[in-house]
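Chemist: Next up is a structure, given as structure tokens.
The values are calculated or read from the model by the stated rules, or taken from the named source; none is laboratory data. Given the structure is predicted, the values throughout are model-derived calculations rather than measurements. Cβ placement follows ideal geometry from the backbone for every residue including glycine, while neighbour counts extend to all protein chains displayed. Accessible surface is based on the protein model in full, side chains and every heavy atom, while ligands, DNA and RNA are left aside. Shrake-Rupley method; radii C 1.70, N 1.55, O 1.52, S 1.80 Å.
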Amino acid sequence: MELAGIGAVLFDMDGTLVDSDAAVERAWARWAAEYAVDPAAALAIAHGRPADQTIRRLLPALDDTTVAAAAARQLALQYDDLSDVSATLGAHELLATLARLGLPWAVVTSADARLAEARLGAAGIVAPVLVTVEDVSVGKPDPEGYLRAAALLDVPVARCLVVEDAEVGLRAGRAAGAMTAALKGFDGDLRLDDLAQLARQLESAPTAR
């Protein structure tokens, strides 16, 4: 993939910029126990997806009001669980590289603003542009969040690189028309072991400035 043409980088948050997988799994396990759902079934589909979408798939008989309440409960379980939340490997190196190269970036997350700010803060990251589940009408895998982030950065989405660690997010990036970089063994235009690898590759493409 030609990195020299990239005009902006759009990051997922959980599992991509922020190592919060353990906290996410704890919250879904507790929620599943409260709602008599198999925790393994919840964890199999929850990552990267808005809570309400996950709950609709797990409990399709629930009405909209009950789904909203269940999703609010799921998020509430996560707000104060920050003890082991940190930046992912290479995250700060990559953000420093973007600053040196003058490349704008944004975070697009299925979390709400309160949770996103708490987890980014725990990781020592301040996002210049943050698009949360509250800013879109449809969450991932719909492309709305990534399209909104590209517009806020005033960069054509075709020149944006979406960095994700979940298939649902990669589908959103592809649907938006962006280039994709995939972590954790998923398939994207670029496959990454960690964010430091992307930092090195961007440094070697000086015309990306």
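Chemist: Restricting to the stretch 189-199, give me the number of residues that are open to solvent by 50 Å² or more (accessible area, probe 1.4 Å) and touching a residue at least 12 places away in the same chain (Cβ under 8 Å).
Modeler: Pass one, the stretch 189-199, residues open to solvent by 50 Å² or more (accessible area, probe 1.4 Å): 189, 191, 193.
Now restrict to residues that are touching a residue at least 12 places away in the same chain (Cβ under 8 Å): 189.
So the count comes out to 1.
Chemist: Okay, next question. Which condition does T54 not pass, out of (1) assigned to a helix (DSSP H, G or I); (2) among the hydroxyl-bearing types (S, T, Y); (3) within 30 Å of E203 (Cα to Cα), if it passes all the others?
Modeler: All conditions pass for T54, except number (3).
Chemist: The conditions are (1) under 24 Å from D154 (Cα atoms); (2) within 13 Å of the chain's Cα centre (by Cα), and D19 fails exactly one of them. Which is it?
Modeler: Only one criterion is unmet by D19, namely (1).
Chemist: What do you reckon, is V24 assigned to a helix (DSSP H, G or I), touching a His at 6+ places or on another chain (Cβ under 9 Å) and surrounded by 17 or more Cβ atoms within 10 Å (Cβ to Cβ)?
Modeler: When the stated conditions are applied, V24 passes them.
Chemist: Which of the residues that make up the stretch 128-143 are hydrophobic (A, V, I, L, M, F, W, C) and free of Cβ contacts under 8 Å to residues at least 24 places away in the same chain?
Modeler: Scanning the stretch 128-143 gives V136, V138.
Chemist: Do you know which of the residues in the stretch 128-160 that are modelled with pLDDT of 95 or more and β-branched (V, I, T) is surrounded by the fewest Cβ atoms within 10 Å (Cβ to Cβ)?
Modeler: Filtering the stretch 128-160 for residues that are modelled with pLDDT of 95 or more and β-branched (V, I, T), the one surrounded by the fewest Cβ atoms within 10 Å (Cβ to Cβ) comes out as V129.
Chemist: Look at the stretch 162-188 and say how many of its residues are within 20 Å of P104 (Cα to Cα) and open to solvent by 30 Å² or more (accessible area, probe 1.4 Å).
Modeler: Number satisfying all stated conditions: 3.
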